[in-house]
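Nothing in this text is a laboratory measurement; each read-out follows from the coordinates by a stated rule. Please read these numbers as outputs of a predicted model, since none were measured by experiment. Glycine also receives a Cβ, built like all others from the backbone with ideal geometry; neighbour counts cover every protein chain displayed.
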Amino acid sequence: MVMENPYGTLTGPNLISCISELSTYDYDDFTSCTQIATHSADLVGSRFTDSAKWLDEYVVTLNFFGWSVFQDSIFTRTRYEISTSIADFLVRSAQTMPDSRQGNAMIDTLDALKPDKPAIASLDKESLNGKRLQVIPARYDSKGFLEIAVFSLELVAHLKKNNFIFWNWEEQTAKIIQHRALLKLDKRILESKRSLIAKKLLEIRMKRFDLRKRHQ
């Protein structure tokens, strides 16, 4: 099946992975909300020195535009040892999720990201080589509501590497600290904020890379 939209998007420190094939409107709305939430959080605090405050503002902004936290999931914290690449870690983590499509979606997203050198360079810069990034799978639930999981990741390592997400950390000591929040969209709220979203986007200068696989 040929997807109408990309497999995912990279914007700022956010790597979005589309589990479901989102409608064009939902895809653009979700990406816009992500950019606005990132910009708002950056105005409040540093994503590197005060990540908890930054993430709280990020989620509060999403909530304002109709994304509500559910399953009491906000800021669930876990720590993992990394022995391969972060990309492998993301795929393995996705494969443990209840939705069996999530693993394949993450593979597709990363396969589309890997050859995109401008996107890789942007991710290295925005995340300070993995010090702070977010991975956000998106899908429709069984009732057709758009829901996302925000995985806020901090790479703890002695080295800084370009192309860090695909670097093999086998011979280095590296850990991932992860915070998670699950959110679901109420489109009625988003529609009521549409003019404000358009206004906010004019204030933001954030690169957006739509990730598609390159066919030979």
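Here is how the numbers come out for the structure above:
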| item | result |
| --- | --- |
| Rounded to whole Hz, the Karplus (6.51, -1.76, 1.60) HN-Hα couplings of segment 48-59, x for glycine and proline | 9, 9, 9, 5, 5, 5, 4, 5, 4, 5, 4, 5 |
| Highest average packing first - 165-175, 147-157, Cβ atoms within 10 Å | 147-157, 165-175 |
| Proximal lysines relative to LYS117, as straight alpha-carbon distance under 29 Å, when same-chain residues fewer than 8 apart are discounted | LYS125, LYS131, LYS160, LYS161, LYS175, LYS200, LYS207, LYS213 |
| Karplus (6.51, -1.76, 1.60) ³J(HN,Hα), θ = phi - 60°, over segment 89-101, in Hz, Gly and Pro reported as x | 4, 5, 5, 4, 5, 5, 5, 8, 6, x, 7, 5, 6 |
| Structure-based [θ]222 nm, the chain - -39500 (n - 2.57) summed over DSSP H runs of at least 4, per residue, nearest 500 | -12000 deg cm²/dmol |
| Prolate/oblate/rounded call for the chain, Cα gyration tensor, a/c under 1.5 rounded | rounded |
| Eligible lysines near LYS193 by straight Cα distance, threshold 21 Å, same-chain separation 8 or greater | LYS184 |
| Cα→Cβ-extended label distance, 7 Å offset, between TYR80 and GLU170, nm | 1.8 nm |
